[in-house]
Amino acid sequence: MTIQTQPTSASVLEYLETVPDLVMRTDSARLVTLMQASTGERPVMWGDSMVGFGQRRYRYASGREGDWFVVGFAPRAKAISLYLNVDFDKHAGTLARLGKHKLGKGCLYVRRLDDVDERALAELVAASVTAARAST
């Protein structure tokens with residue numbers, strides 16, 4: 001089984017300019033800066049709606065493997081999905097400081113960056129980068 005979402009040559013800047021919500025578009029630009037600083041990698045479009053930084057190979061215990069970005073995000077209709085490789089349970093204190101957010105498996109959802117503590121968010125992104133790079 002192969003993951004369908006792959007890196008593309010599409011322009012991240014051009015994609016972000018199409019985000020209809022001005023605040024979400026601005027927040028996305030802020031996330032590019034934050035994630036680029038944390039990874040040292042340039043942003044790359046993955047599929048038609050995800051912005052990823054870096055690339056890593058993963059392998060599950062089942063034997064399934066593939067390539068994925070180290071960290072990334074996608075501006076969605078109701079929130080920005082941040083794709084992180086971090087055990088949220090181990091970062092409960094940071095999440096408590098973060099502010100308004102929701103969690104999914106491997107995803108952190110924020111409506112607006114002004115609703116969260118950006119230092120706490122940067123800590124989570126940095127922890128995710130460390131965890132992702134350690135698992136390759």
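Couple of notes before you dig in:
- Conditions (1) within 14 Å of the chain's Cα centre (by Cα); (2) among the small types (Gly, Ala, Ser); (3) open to solvent by 60 Å² or more (accessible area, probe 1.4 Å); number of the one not met by SER128: (3)
- Subset of region 109-136 [assigned to a loop (DSSP other than H, G, I, E, B) and modelled with pLDDT of 95 or more]: ARG111, ARG112, ASP117
- Residue selected from region 56-108 under the condition assigned to a loop (DSSP other than H, G, I, E, B) and hydrophobic (A, V, I, L, M, F, W, C), by the criterion most open to solvent (accessible area, probe 1.4 Å): ALA61
- A single entry from VAL12, VAL51, VAL86, VAL19 fulfils the requirement of being closer than 21 Å to SER128 by Cα, β-branched (Val, Ile, Thr) and touching a strand residue (DSSP E or B) at 6+ places or on another chain (Cβ under 8 Å): VAL51.
- Here GLY47 meets each of (1) over 15 Å from ALA127 (Cα atoms); (2) out of contact with any Ser or Thr (no Cβ under 7 Å at 6 or more places or on another chain); (3) open to solvent by 20 Å² or more (accessible area, probe 1.4 Å) with one exception, condition (2).
- Pairs where the first residue, in region 70-99, is touching a residue at least 24 places away in the same chain (Cβ under 8 Å) and the second is part of a strand (DSSP E or B) and of a type in the set (D, E, K, R), C-beta under 9 Å, 6+ apart: VAL70/ARG56; ALA79/LYS102; ASN85/ARG56
- Residue selected from region 41-63 under the condition in contact (Cβ under 8 Å) with a residue 12 or more places away in the chain and at positive phi, by the criterion farthest from the chain's Cα centre (by Cα): GLY47
- Considering region 1-37, the residues that are part of a loop (DSSP other than H, G, I, E, B) and open to solvent by less than 40 Å² (accessible area, probe 1.4 Å) include one that is modelled with the lowest pLDDT, namely THR5.
- Residues that are touching a helix residue (DSSP H, G or I) at 6+ places or on another chain (Cβ under 7 Å) and open to solvent by 30 Å² or more (accessible area, probe 1.4 Å), drawn from region 109-125: ARG112, ASP117, ALA122, GLU123
- Selected residue [within 18 Å of THR8 (Cα to Cα), over 16 Å from the mean Cα position of the chain (by Cα) and not hydrophobic (A, V, I, L, M, F, W, C)] from GLY72, GLY66: GLY66
The values are calculated or read from the model by the stated rules, or taken from the named source; none is laboratory data. The structure displayed is predicted, hence computed values, not measured ones. Every residue, glycine among them, receives a Cβ derived from its backbone with ideal geometry; neighbour counts consider all protein chains shown. Ligands, DNA and RNA are excluded from the accessible area calculation, which covers all protein heavy atoms including side chains. Shrake-Rupley method; radii C 1.70, N 1.55, O 1.52, S 1.80 Å.
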